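Written out below as structure tokens is the structure these notes cover.
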Amino acid sequence: MRRADRLFQIIQVLRRSSKPVTADAMAAELETSKRSIYRDIATLMAQRVPIRGEAGIGYVLDGGFDMPPLMLTSDEIEAAVLGAQWVAGRGDPALARAATDLIAKIAATVPDKLRPVLLEPAVATPPAWKHEIETLDLALVRAAIHAGRKLRMRYADEQGQETLRVIWPCLIGYRETKRLLVGWCETREDFRSFRTDRVVEAEVLDDRYPGRPAVLRARWFALMERQRAEWEARCSGAAAPPPADGGVV
């Protein structure tokens, strides 16, 4: 790898990480020596790239650094194609259209020599499952999540019994054959995961729930990690079913 390319890659490595990155980690990823990384970091800092840190601890890139996006590599193009294929087959209609538009935009910007990677990728996702009929507008729910608004909905359980719930939606999860709406349920006073095909009707309320959606998501992810750790401790290598998806109802 040319040194100029490596300097750009170091910035990219730091840009995608929210934690300090050690010279060892960068050297391993970029297949170079730790000494070269130290020299490159010094060069970037001399060019006023806002990198903080020191040897043995790690480096971070301060926010606000503006660098034009680099040309996509063939691996990055195939990663984008694979992700877009998956979303186009399994996302809600708005996301599916966005995935198709994404591929079209990439195709319009990549050089001719990389266009075959996009149009004839060596990767593919399996055919999407046949969706259950849904009445829930997932685009509306995503907007409610971003705004931190509560959602009132009528929900049918596995036996078809309906209940009225008010939840604080924070995440739409995609399993291989179903979608799950994750949120804090005011009725149960706990996190619950609701199958989107069982939502009979839903209404976004004007009320905002306390805190930011990102904080609520972090709490749910932490709960899932604790449940998985407890399950692994109980199993101790024995065959057992994994924990449920955050209390699917």
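Numbers below:
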{"item": "The chain - Debye-derived log10 I(q)/I(0), Cα point model, q = 0.07, 0.08, 0.13 Å⁻¹", "result": "-0.37, -0.49, -1.08"}
{"item": "Prolate/oblate/rounded call for the range 89-150, Cα gyration tensor, a/c under 1.5 rounded", "result": "oblate"}
{"item": "Built amide H within the under 5 Å cut-off of Leu171, gap 5+", "result": "Val182"}
{"item": "Fraction of beta bridges assigned by DSSP in the chain that are antiparallel (%, nearest 5)", "result": "95"}
{"item": "Rounded to whole Hz, the Karplus (6.51, -1.76, 1.60) HN-Hα couplings of the range 182-190, x for glycine and proline", "result": "9, x, 7, 8, 5, 5, 8, 6, 6"}
{"item": "Nearest 10 degrees, 0 to 90: helix 93-109 Cα axis against the chain principal axis", "result": "20"}
{"item": "Solvent-accessible ranking of Ser193, Ser74, largest area first, probe 1.4 Å", "result": "Ser74, Ser193"}
{"item": "Surface share of carbon and sulfur [accessible, 1.4 angstrom probe, percent] for the chain", "result": "53"}
{"item": "Label-to-label distance, nm, for residues given as Glu31 and Ser18 (7 Å Cα→Cβ offset)", "result": "3.1"}
{"item": "In sequence order, calculated HN-Hα J values of the range 165-171 (Karplus, 6.51, -1.76, 1.60; Hz; x Gly/Pro)", "result": "10, 10, 10, 9, x, 9, 6"}
{"item": "Where the range 1-157 is the region considered: accessible area per residue in Å², 1.4 Å probe", "result": "61"}
{"item": "The range 81-140: relative contact order as a whole-number percent, Cα under 8 Å and 6+ apart", "result": "43"}
{"item": "Inter-label distance for Ala233 and Thr177, nm, one decimal - labels placed 7 Å from Cα along Cα-to-Cβ", "result": "3.3"}
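The values are calculated or read from the model by the stated rules, or taken from the named source; none is laboratory data. No experiment lies behind these values; they were computed from the predicted model shown. With ideal geometry, Cβ positions are generated from the backbone for all residues, glycine too; neighbour counts draw on all protein chains shown. Ligands, DNA and RNA are stripped out before the accessible areas are found, and what is left, the full protein with its side chains, is counted by its heavy atoms. Shrake-Rupley method; radii C 1.70, N 1.55, O 1.52, S 1.80 Å.
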